[in-house]
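Heads up, the thing below is written out as structure tokens.
Rule-based calculations on the coordinates, nothing more; no lab input. Nothing here was measured: the structure is a model prediction, and the numbers come from that model. So basically every Cβ, Gly included, is an ideal-geometry build from the backbone, and we count neighbours across all protein chains shown.
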Amino acid sequence: MKLVELPSRVVGAAPVIRGMADAIGFVDLLNTLLVWDAQQCQTSPGERILAMVLDILTGKSPLYRVQDRLAETDVPLLLGRGRTAADFSDDALGRALDKLFRAGPAAVFTAVAAQAYAREAIELRTGHWDSTSRSLQGAYPAAAEDEDPRAPANPSPPHAVPRRGHSKDHRPDLKQVLLTVFVNGEGLLRFGSVASGNTSDKTLNRRMIEELVAAFSPQELQDLIYVADSSLVTGPNLAGLRQAQIRFISRCPSTFAVAQAAKDTAWAQNTWTFLGRVATRRDAADYWASEQQGMIDDVPYRLVVYRSSLLEARKEKTLDRQIASARKSLADAAKVFDQTLYDCREDAAHAAQQWQARRET
């Protein structure tokens, strides 16, 4: 009896990922969006990019090792009958990436995400935007340190260039790029981009608004609520949101006088709506809200002021320290006045007035 040694293959979660890719038409859509010649290509760019996606989501090998890793798995099962690991060499994968770059990665990703949303009937009622930095090792001598502020504005987003900027991972010594995402209320990604490392979040929000206007109909934009941090709230960004009729939720930065005015009015009215606790832990804070109205660039906005029980306790302690410090300062001043002799009542009154004036300034 002759024993035949059966080879083992490790596939892990890759078949599930391949099934999801098939469900949203990933390969066919990429082959439609990318420019390629079926007569010259043994494998389509969509198949090669899918191979890289499978590798990233199941282990992430260097590009030159993807072929070796595929040799240890079931290539026909994951990438199609007749396909072998040799079809996905680093040169083949690199050429697919070149085609993706020429087609515009952000545009291709947006198209794939939009098709996935449509096929899975996913709603985008709220869109949450945020960014983070990714530090890079290396000198990158071709990357300029600073952009020329006198240069004319570029109507289209420039290529991402490693630059030093506000490091969100606390590595200001390294150059970086910025990654941005726009997700729905459940955290499913719809838009994403890579930007130069010193790009302002205010600018990136403006580009995101432009992307939304280009991708959605006016009716769809009216049903959308844009959620972002305070970097969204700038004059140009508010004008873009208003023109596109996009509703938004953000924090009004203190650079706008209307923010402090709303807080002052809320405390003066002292009419709060109790919201209860957001967190479930024992020491969670209670919250109250007060709705106000404010004007920014002659446009009315709905503002909501929130107060927290924990924040009030901290402020109370701070106020107690300030009162104690002021009391000590007054006691020291009184001691000085008590030890000072004046020639007449008028001189003493004049000195007191001068001290009071210094305190007020």
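Report, in debye and to the nearest 20, how large the dipole of the chain comes out about its Cα centre when Lys and Arg carry +1 and Asp and Glu carry -1 on their Cβ. Mind dumping the intermediate values first?
Details: 44 positive and 44 negative charges, 122 e Å.
That gives the chain a dipole magnitude of about 580 debye.
Got the relative contact order for the chain handy, in percent, Cα pairs under 8 Å and 6 or more residues apart? Don't jump to the answer; show the numbers that get you there.
Numbers: 420 pairs, mean separation 34.1, N = 361.
Rounded, it is 9 percent for the chain.
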| note | Placing +1 on each Lys and Arg Cβ and -1 on each Asp and Glu Cβ in the chain, then taking the dipole about the Cα centre, the residue among Ala106, Leu79, Thr43 whose Cα reaches farthest towards the positive end is Leu79
| Fewest to most neighbouring Cβ within 10 Å: what's the order for Lys60, Lys263, Lys2? | Lys2, Lys60, Lys263
| In straight Cα distance, which lysines are under 19 Å from Lys168, not counting same-chain residues fewer than 8 positions off? | Lys202
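Residue separation times 0.36 nm, minus the C-alpha to C-alpha distance between Ala331 and Glu123: what's the value?
Numbers: separation 208, 0.36 × 208 = 74.88 nm, distance 6.51 nm.
That works out to 68.4 nm of additional length.
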| query | Using +1 on the beta carbon of Lys and Arg, -1 on that of Asp and Glu, and nothing else charged, what's the dipole of the range 14-103 about the Cα centre, debye to 20? | reply | 120 debye
| query | Of Pro45, Pro162, Pro62, which has the largest mean-square fluctuation in a 10 Å C-alpha GNM of the chain? | reply | Pro62
| In whole angstrom, how far apart do the alpha carbon centroids of the range 22-85 and the range 97-146 sit? | 20 Å
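Sort 301-308, 202-209 by the packing proxy (mean of other Cβ within 10 Å over each peptide's residues), most packed first. Working shown, then result.
Values: 301-308: 15.8, 202-209: 20.2.
Averaged packing, sorted descending, gives the order 202-209, 301-308.
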| Helix-only CD estimate at 222 nm, as mean residue ellipticity for the chain, using -39500 (n - 2.57) per DSSP H run (n ≥ 4) | -14000 deg cm²/dmol
| note | Straight-line reach check, Lys99, cutoff 12 Å on alpha carbons, 8 or more apart in-chain or any other chain, hits among aspartates and glutamates -> Asp37
| task | Any aspartates and glutamates with Cα under 16 Å of the Lys263 Cα? List them, leaving off those in the same chain fewer than 8 positions away. | result | Glu291, Glu312
| request: State the extension gain, in nm to one decimal, for the chain segment bounded by Ala261 and Asp28, taking 0.36 nm per residue of separation less the distance between their alpha-carbons. | output: 78.4 nm
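Treat the chain as a sphere of radius equal to its Kirkwood radius over Cα pairs and apply Stokes-Einstein at 10 °C in a medium of 1.306 mPa s; give the translational diffusion coefficient in µm²/s, rounded to a whole number.
Numbers: Rh = 26.3 Å.
It diffuses with D of about 60 µm²/s by this estimate.
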| note | Taking Cα pairs closer than 8 Å and at least 6 residues apart, the relative contact order of the range 14-103 in percent is 34 percent
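Which helices of the chain meet both criteria: a Cα extent of 27 Å or more along the helical axis and a mean Kyte-Doolittle score no lower than -1.0, with helices taken as whole DSSP H segments? Display every interim value, and only then the final one.
Details: long enough: 309-338 (43 Å, -0.52).
Membrane-span-like by this rule: 309-338.
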| request: Once you have the Cα-Cα distance between Ser254 and Glu72, take 0.36 nm times their residue separation minus that, and quote the gain in nm to one decimal. | output: 59.8 nm
| said: Along the Cα→Cβ direction, 7 angstrom out, place labels at Met1 and Arg102. What is the inter-label distance in nm? | reply: 5.9 nm
| task | Just order 46-58, 17-29 by mean Cβ neighbour count inside 10 Å, highest at the front, would you? | result | 46-58, 17-29
| task | Select from Ile323, Ala266, Gln293 the residue farthest towards the positive end of the dipole of the range 252-333; place +1 on Cβ of Lys and Arg, -1 on Cβ of Asp and Glu, and compute about the Cα centre. | result | Ile323
